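Visitor: Supplied in structure tokens, the structure appears directly below.
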Amino acid sequence: MQLPDENIEYNYQRALAQPAEAWTPLAELQGQHLISTDRFDAFKKAAMDVRGVVGAERELLNPPAKLRPLQSGFIDLPQKLLDQFKRKQDASEVGKIIRISNRLREDVDRIVVLGTGGSYLGPRALIDALCHSYHNEMPAKLRMGKPRMYFEGNNHDNDPLQDLFELLENTCVDPDLTDERWGIIVASKSGDTLETAATYRAVRTEAAKFYGPKSPMLKRVIVPITGAKSKLRDLCRAEGYADEDVLSIPEEVGGRYSVFTPVGLLPAATVGLDIRAMLLGAATMTRRFLEEPFDRNPVLQFAAVNYLLTEEQKKHTRVTTVWTRKLEAVGWWYDHLLSESLGKTGRGPTPVTMVASRDLHTRGQQHQDGARDKMVNNLVVRTVAHPAVMVGMADRNEDDLNQFSRKGLPDLMESAHKGVTDAYAEAARPTADVLLPALTEHTIGQLMQMLMLATVVEGRMMGVNPYGQPGVEAYKSNLTRHLKATPNLPKGEVRDAAKGA
């Protein structure tokens, strides 16, 4: 059973202008830059109405043209996967993911995860949040056999990929030794995203050199994740993959909403994370969204606060401040989710991720005294996973820290959070806190589902379709046009000579 203190909550009171008994300069600023409590109370019914719309969209099998694309399958997916696993166990999608992840752990010591957009940022967020901060550097014994993991296929950047090849060539020498073998997880719903497709071709060529082009190991250590109809699936069939060896991204789930499909679940399971607890957390958040009243509904609260501040208070820069570096990749993932979902028709907030207390020394001045165009959402984890690093007593006290000798880094972080939010409140700068009791699979499942649901709700509040990415297609089309117009020769002296011919 889920305990009440496992729930994540959204504390948004600092974003509201409280009624003032008398005029003060601060009250004037709050009235200009925060949400009035009357406006917020009046908006709650509108938020509940939008929830009804989003809930009803889940049932539409043939949506009208004005709603297309409609990719709301992510909403019920966590519970569906759990129910299917309960009925079918190993024959279910979750059972299949667990089986393949166990095989990868047995076969390889390193995995290259290829994907871009949500296919990269989703699994990266899960692994950075929940694995050891230096997972790849730990010896195999301390990793308990969980593979090292590297992320590529999200860029056209030549040198880092060559650096990875050099690492693999020098550390993976004998394919007969498990601790020197490596594998690939490649995720692309369409199969034609150029960054991932080109990198997969290059990385697969390296794998064929290592194992041998005809080696049966290739199909064991290369796991594709793709849509039902895609160029990647066609390629897998041509290479002799059986359908059961290719994991599927549901058609009704968009790429940036795919973290709880095999895209995120397979890499997470492969490094030993509890994907069922993740799905349970996500399903719990969906139930809260669909069933709870506004005052106990963090999805509606988050969507309403951020919508009103963006649309009515003109806070178009949305800062996600993570109060642990382990959540930085969650911030990147949310940047992508928000940008592609709401950045349409000349509208939508501009997301920025900041790590505290680190980035207070680079952005704190701007947030305190700069343009009043920002809303700050803090992601705060209440408890740390390890014993506190203490300041301690020292014989020399020129740094004047002996006064804090019995305090630890968690105390310093908590004081920094309180200090900066107090400072912003005293200047009528809106902030709010997403509070996680701890960093666990269950709470990360809740958090990421909450942010996906809130993004869809906010899009519907704006009158913007939160699905699809029409603006991206223009750059892709131009990229292909320029690529085709260039001689099919490598960049540099050879191509230059051809141009001069």
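The values are calculated or read from the model by the stated rules, or taken from the named source; none is laboratory data. Note that the structure is predicted; figures quoted are calculated from it, not measured. All Cβ positions, glycine included, derive from the backbone under ideal geometry; neighbour counts span all protein chains shown. What goes into the accessible areas is simple: the full protein's heavy atoms, side chains included, and nothing from ligands, DNA or RNA. Shrake-Rupley method; radii C 1.70, N 1.55, O 1.52, S 1.80 Å.
Visitor: Which condition number in (1) in contact with a strand residue (DSSP E or B) (Cβ under 9 Å, 6 or more places away or on another chain); (2) farther than 27 Å from Thr383 by Cβ; (3) assigned to a helix (DSSP H, G or I); (4) not hydrophobic (A, V, I, L, M, F, W, C) is the one that Gln313 fails?
Guide: So the condition that Gln313 fails would be (3).
Visitor: Criterion first (within 22 Å of Val246 (Cα to Cα), surrounded by 21 or more Cβ atoms within 10 Å (Cβ to Cβ) and at pLDDT 95 or above) does Leu82 satisfy it? Steps first, please.
Guide: Details: within 22 Å of Val246 (Cα to Cα): yes; surrounded by 21 or more Cβ atoms within 10 Å (Cβ to Cβ): no; at pLDDT 95 or above: yes.
No, not satisfied.
Visitor: Have a look at Lys344, Lys374 and point out the one that is closer than 21 Å to Leu309 by Cβ and in contact (Cβ under 8 Å) with a residue 60 or more places away in the chain. Let's see the steps before the verdict.
Guide: Working: Lys374 fails: in contact (Cβ under 8 Å) with a residue 60 or more places away in the chain.
Lys344 is the lone residue from the list that is closer than 21 Å to Leu309 by Cβ and in contact (Cβ under 8 Å) with a residue 60 or more places away in the chain.
Visitor: Do you know which of the residues in the range 288-318 that are among the hydroxyl-bearing types (Ser, Thr, Tyr) and open to solvent by 10 Å² or more (accessible area, probe 1.4 Å) is farthest from Leu435 (Cα to Cα)?
Guide: Looking only at the range 288-318, we keep the residues that are among the hydroxyl-bearing types (Ser, Thr, Tyr), and these are 307, 310, 317.
Checking which are open to solvent by 10 Å² or more (accessible area, probe 1.4 Å) leaves us with 307, 317.
Numbers: Tyr307: 20, Thr317: 21 Å.
Only one residue tops the list, namely Thr317.
Visitor: Being open to solvent by 90 Å² or more (accessible area, probe 1.4 Å), of a type outside the set (A, V, I, L, M), more than 30 Å from Thr24 (Cα to Cα) and part of a helix (DSSP H, G or I) is the filter here; which residues of the range 379-422 pass it?
Guide: Gln403 - this is the single residue of the range 379-422 that is open to solvent by 90 Å² or more (accessible area, probe 1.4 Å), of a type outside the set (A, V, I, L, M), more than 30 Å from Thr24 (Cα to Cα) and part of a helix (DSSP H, G or I).
Visitor: Quick check on Val108: is it within 26 Å of Arg181 (Cα to Cα) and of a type outside the set (D, E, K, R)?
Guide: On the way: within 26 Å of Arg181 (Cα to Cα): yes; of a type outside the set (D, E, K, R): yes.
Answer is yes for this residue.
Visitor: With respect to Asp109, determine if the residue is touching a residue at least 60 places away in the same chain (Cβ under 8 Å), over 30 Å from Gln13 (Cβ atoms), open to solvent by less than 50 Å² (accessible area, probe 1.4 Å) and touching a Pro at 6+ places or on another chain (Cβ under 6 Å). Even if it seems obvious, please write down each step before you answer.
Guide: Values: touching a residue at least 60 places away in the same chain (Cβ under 8 Å): yes; over 30 Å from Gln13 (Cβ atoms): yes; open to solvent by less than 50 Å² (accessible area, probe 1.4 Å): yes; touching a Pro at 6+ places or on another chain (Cβ under 6 Å): yes.
Against the criterion (touching a residue at least 60 places away in the same chain (Cβ under 8 Å), over 30 Å from Gln13 (Cβ atoms), open to solvent by less than 50 Å² (accessible area, probe 1.4 Å) and touching a Pro at 6+ places or on another chain (Cβ under 6 Å)), Asp109 qualifies.
Visitor: For the range 367-378, enumerate the residues that are open to solvent by less than 100 Å² (accessible area, probe 1.4 Å) and not β-branched (Val, Ile, Thr).
Guide: First, pick out the residues of the range 367-378 that are open to solvent by less than 100 Å² (accessible area, probe 1.4 Å): 367-368, 370-378.
Result: His367, Gln368, Gly370, Ala371, Arg372, Asp373, Lys374, Met375, Asn377, Asn378.
Visitor: Among the residues in the range 243-253, are any touching a Leu at 6+ places or on another chain (Cβ under 9 Å) and among the acidic types (Asp, Glu)?
Guide: yes
Visitor: Please determine whether any residue of the range 423-444 is free of Cβ contacts under 8 Å to residues at least 60 places away in the same chain, in a helix (DSSP H, G or I) and open to solvent by 70 Å² or more (accessible area, probe 1.4 Å). Full working, then the answer.
Guide: Taking the range 423-444 and keeping what is free of Cβ contacts under 8 Å to residues at least 60 places away in the same chain, we get 423, 438.
Okay, now just the ones that are also in a helix (DSSP H, G or I), so 423.
This time we only want the ones that are open to solvent by 70 Å² or more (accessible area, probe 1.4 Å), so: none.
No, the range 423-444 contains no residue that is free of Cβ contacts under 8 Å to residues at least 60 places away in the same chain, in a helix (DSSP H, G or I) and open to solvent by 70 Å² or more (accessible area, probe 1.4 Å).
Visitor: Which condition from (1) among the β-branched types (Val, Ile, Thr); (2) at pLDDT below 85; (3) in contact with a helix residue (DSSP H, G or I) (Cβ under 7 Å, 6 or more places away or on another chain) is the one that Val494 breaks?
Guide: (3)
Visitor: Continuing with this model, one more query. For the range 232-245, how many residues meet the condition of being open to solvent by less than 60 Å² (accessible area, probe 1.4 Å) and within 30 Å of Ser341 (Cα to Cα)?
Guide: Step one: list which residues in the range 232-245 are open to solvent by less than 60 Å² (accessible area, probe 1.4 Å), which gives 232-233, 236, 239-242, 245.
Subsequent filtering for residues that are within 30 Å of Ser341 (Cα to Cα) retains 232-233.
Number satisfying all stated conditions: 2.
Visitor: Tally time: how many residues in the range 136-179 are among the charged types (D, E, K, R), part of a helix (DSSP H, G or I) and touching a Phe, Trp or Tyr at 6+ places or on another chain (Cβ under 9 Å)? So that I can check it myself, show each step before the final result.
Guide: Start the filter on the range 136-179 by keeping residues that are among the charged types (D, E, K, R), which leaves 137, 141, 143, 146, 148, 152, 157, 159, 163, 166, 169, 174, 176, 179.
Among the residues that remain, those that are also part of a helix (DSSP H, G or I) are: 137, 141, 143, 159, 163, 166, 169, 179.
Add one more test, that the residue is touching a Phe, Trp or Tyr at 6+ places or on another chain (Cβ under 9 Å), and what stays is 169.
The number of residues fulfilling the criteria is 1.
Visitor: Within the bounds of the range 247-257, is there any residue that is at pLDDT 95 or above and within 30 Å of Ala385 (Cα to Cα)?
Guide: Yes, because at least one residue in the range 247-257 is at pLDDT 95 or above and within 30 Å of Ala385 (Cα to Cα).
Visitor: Can you work out which of the residues in the range 461-486 that are outside any helix (DSSP H, G or I) and open to solvent by 50 Å² or more (accessible area, probe 1.4 Å) is modelled with the lowest pLDDT?
Guide: Here the answer is Gln469.
Visitor: Would you please name the residue that is surrounded by the most Cβ atoms within 10 Å (Cβ to Cβ), looking only at residues in the range 210-231 that are under 23 Å from the mean Cα position of the chain (by Cα) and over 24 Å from Leu451 (Cα atoms)?
Guide: Here is the first cut: in the range 210-231, the residues under 23 Å from the mean Cα position of the chain (by Cα) are 223-227.
When the remaining residues are screened for being over 24 Å from Leu451 (Cα atoms), the result is 223-224.
Working: Val223: 27, Pro224: 25.
This residue is Val223.
Visitor: Suppose we keep only residues that are under 28 Å from the mean Cα position of the chain (by Cα) and crowded, with 19+ Cβ neighbours inside 10 Å within the range 36-53. Which one would you say is nearest to Phe289 (Cα to Cα)?
Guide: Only one residue tops the list, namely Arg51.
Visitor: Also, I was wondering about something else. What tally of residues in the range 152-176 results from selecting those that are loosely packed, with under 10 Cβ neighbours inside 10 Å and touching a Ser or Thr at 6+ places or on another chain (Cβ under 7 Å)?
Guide: Residues meeting the conditions: 0.
Visitor: If we keep just the residues of the range 54-79 that are among the small types (Gly, Ala, Ser) and open to solvent by 40 Å² or more (accessible area, probe 1.4 Å), which is nearest to Met448 (Cα to Cα)? Please lay out each step first, then the result.
Guide: The first filter runs over the range 54-79 and keeps only residues among the small types (Gly, Ala, Ser), leaving 55-56, 65, 72-73.
Next cut, open to solvent by 40 Å² or more (accessible area, probe 1.4 Å) only: 56, 65.
On the way: Ala56: 21, Ala65: 29 Å.
Per the stated criteria, the residue is Ala56.
Visitor: Restricting to the range 6-25, and then to whatever is open to solvent by 60 Å² or more (accessible area, probe 1.4 Å) and hydrophobic (A, V, I, L, M, F, W, C), can you tell me which residue is nearest to the chain's Cα centre (by Cα)?
Guide: Ala20
Visitor: Restricting attention to the range 178-197, and to residues there that are open to solvent by 40 Å² or more (accessible area, probe 1.4 Å) and of a type in the set (D, E, K, R), which single residue is nearest to Gly115 (Cα to Cα)?
Guide: Lys189
Visitor: Going through the range 65-95 one residue at a time, which ones are under 14 Å from Arg276 (Cα atoms) and under 22 Å from the mean Cα position of the chain (by Cα)?
Guide: Result: Leu77, Pro78, Gln79, Lys80, Leu81, Leu82, Glu93, Val94.
Visitor: Separate question: Could you tell me which residue of the range 246-269 is surrounded by the fewest Cβ atoms within 10 Å (Cβ to Cβ), considering only residues that are within 15 Å of the chain's Cα centre (by Cα), part of a loop (DSSP other than H, G, I, E, B) and among the β-branched types (Val, Ile, Thr)?
Guide: Step by step, filter the range 246-269, then rank; the result is Thr261.
Visitor: Can you list residue pairs whose Cβ atoms sit under 6 Å apart, with the first residue in the range 145-174 being touching a residue at least 60 places away in the same chain (Cβ under 8 Å) and the second being open to solvent by less than 60 Å² (accessible area, probe 1.4 Å) and assigned to a helix (DSSP H, G or I)? Count only pairs 6 or more apart in sequence or on different chains.
Guide: Cys172/Glu180
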